[in-house]
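Please treat every number below as a calculation from the coordinates, not as lab data. Worth saying up front: this structure is predicted, and the values here are computed from it rather than measured. All Cβ positions, glycine included, derive from the backbone under ideal geometry; neighbour counts span all protein chains shown.
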Amino acid sequence: MTAHWDALAALFAAHPLAQLIGLIAFLMGILTFIQHDDQRLRIFLTLFSALIGLHFFLLGGATAAYAAWLSGVRSFVSSRTRHNAVMIFFLGIVWLIGVPHITHPIQWLTVIGTTLGTWALYREQGIRMRIVILLGTVSWMIHNYAVGSIGGAMIETSFLFVNSHTIYRLWQKRDAH
């Protein structure tokens, strides 16, 4: 157990500002996935994405930062329109900007996770939207553990549980009607 705390302390000491912003993003992320209203979820995702993008940028992860910031813009725009052409535009940007910055196979997971999130926000709603987002969460979670992002790993692991719980609650609510 001490070895785990020592490893976390070393990661925090190496990038204290980045890790602090990651922890703040973690709190914003929890607030995001307890939202039952699809529109509020999109707005909270926008704020979360701005913070986590800054976290990754400060860690030196340009691909993850660009993908997160693009996700924030995408989340905001999806709160205004869900037109197919807009979704295709964002998917194109994810692939055109993300892929050339990939220098390690693990970075593909940020592109995959962002692609799933884009599809979910533009083509799905309610429980189905949250399930597709959950699949993107798994991609980001694996990435964040692999790159040593304390806040990012905590965020995505928490998203996995909080979003799963919210899906369950929405499912219960749906069955009650």
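Applying 1/(1 + (r/R0)^6) with R0 = 35 Å to the Cβ-Cβ distance of Q172 and I142 gives a FRET efficiency near 0.75. With unit charges on the beta carbon (Lys/Arg positive, Asp/Glu negative), name the residue among H4, V147, Y122 whose Cα is farthest towards the positive pole of the charge dipole of the chain. Value computed over the given set: Y122.
What you get for the chain, charging only the Cβ of Lys and Arg (+1) and of Asp and Glu (-1), is a dipole of about 580 debye around the Cα centre. Only sites in a loop by DSSP and with at most 10 other Cβ atoms within 10 Å count here; which trypsin sites (Lys or Arg not before Pro) in the stretch 11-81 make the cut? Those satisfying the criteria are R80. Of the peptides 155-165, 50-60, 124-134, the ranking by mean beta-carbon count within 10 Å, highest at the top, reads 50-60, 155-165, 124-134.
Given the alternatives [x] 18.8; [y] 16.7; [z] 16.2, Kirkwood radius over Cα pairs in Å as computed for this entry is given by [z].
How many angstrom separate the Cα center of the stretch 28-56 from the Cα center of the stretch 104-125? Spelled out, the Cα-based centre of one part sits 15 Å from the other.
Roughly how tilted is helix 108-123, in degrees to the nearest 10 and between 0 and 90, from the longest Cα axis of the chain? Once rounded, the angle reads 20 degrees.
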